[in-house]
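Here is the structure we will look at, set down as structure tokens.
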Amino acid sequence: MSVTRSLAGQRKYHSSRAATEGAPVGRHILTGVAIAFLFLCLIVPLGVVFISAFANGVQAYLAALADPETLSSIRLTLLAAGIAVPLNLVFGLAAAWLISKYEFPGKSWLTTLIDLPFSVSPVIAGLIFVLLFGARGWFAPWLEAIDMKIIFAVPGIVIATTFITFPLIAREVLAVMQAQGNDEEEAALTLGATGWQIFRRITLPKIKWGIIYGVILCNARAMGEFGAVSVVSGHIRGETNTMPLHVEILYGEYQFAAAFAVASLLAVLALFTLVIKHWVEWQAHRQLSAPQRAAPVSQPPLPAVQHQGAST
């Protein structure tokens, strides 16, 4: 009986292996389609950007990056991302902790609201902020009373960037927290640990790779945001233009080499982000697989067919 079951298992294994490995033509076609798609949609556009950026020589490229308006757009982009990412980090941790650890009325609504920036057009989001904080907006009298300007100023750019990017960290951390469960936190709570001790010593080490991954995605999205920022910025050169907006202005003025020079800088930042993202994924996978490598591997028993042959 054991011999029959073993032979059936071996036939099932070989048939499944033949099903996955016996169609090299289909595998080669799918691989070729994927490579062609990546080449046309990624490699070719990146090549065009860098070739056009250096079309007038290295000196023209460096001069375009050293332009005062370009430097202002770089500083504003880094400032907006530097404010939006920490704010989203605090919000993401708080929202993920609340949703994953507690049950309360309206929990599903809160989860849906977190995904709202994914479903709303960035242009519509920028228009909403104009209706709220603009010269004729709901909060216009109060802003005039305290002499504060949000729309067509740096605060509006920061608010729009924060709104567009706030689901990224929250979603990444929430998924990790839900996958990890609450067993260790509940055990620490029964032993008398405080909430801060539980978060710092148990929860944070388990979710650190999710936090880093979310921060990388949030930072990349913040630096490349165009739609919402374009609505609230006012396109004031040297004051409220981020790097994507500055590229649009330069291209509209037929300064193609300068536009592609700034675009190449954004491309370099995107490639650097991809490298960091890949490194974080590799480190997370390495850390998760370390306990499995450290565990002793037991020798599997011989198949029933071999035992039968030995007995005969």
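Charges at C-beta only: +1 for Lys and Arg, -1 for Asp and Glu. How large is the resulting dipole of the stretch 83-224 about its Cα centre, in Debye rounded to 20? Could the numbers behind the result be given before it?
On the way: 10 positive and 9 negative charges, 50 e Å.
So the magnitude is around 240 debye.
Need the C-alpha centroid separation for the stretch 121-157 versus the stretch 51-66, integer Å.
After rounding, the separation between the Cα centres reads 37 Å.
Go through 274-280, 32-38 and give me the packing order, highest mean Cβ count within 10 Å leading. All intermediate terms of the calculation are to be shown ahead of the outcome.
Numbers: 274-280: 13.1, 32-38: 10.3.
The peptides rank, most packed first, as 274-280, 32-38.
Once R0 is set to 30 Å, what does the formula 1/(1 + (r/R0)^6) return for the Cβ-Cβ distance between His28 and Ile276, expressed as a FRET efficiency to the nearest 0.05?
Numbers: r = 33 Å, r/R0 = 1.09.
Efficiency at R0 = 30 Å is approximately 0.40.
Considering only Trp97, Ala55, Ala84, whose Cα is most displaced toward the positive end of the charge dipole of the stretch 14-133, charges sitting on Cβ of Lys, Arg (+1) and Asp, Glu (-1)?
Trp97
Within 10 Å of each residue's Cβ, count the other Cβ atoms and sort Leu78, Leu266 from fewest upward. Each step should come with its number before you reach the end.
Working: Leu78 16, Leu266 19.
Ordered by Cβ neighbours within 10 Å, fewest first: Leu78, Leu266.
Between the alpha-carbon centers of the stretch 233-253 and the stretch 164-184, tell me the distance in whole angstrom.
Each part's Cα centre sits 35 Å from the other's.
With label points built 7 Å along Cα→Cβ from the Cα atoms of Gln287 and Phe104, find their separation and express it in nm.
Taking the simple label geometry, Gln287 and Phe104 are separated by 2.8 nm.
No lab work stands behind these numbers, since they all come straight from the coordinates. The structure displayed is predicted, hence computed values, not measured ones. As a convention, Cβ positions derive from the backbone with ideal geometry for all residues, glycine included, and neighbour counts pool all protein chains shown.
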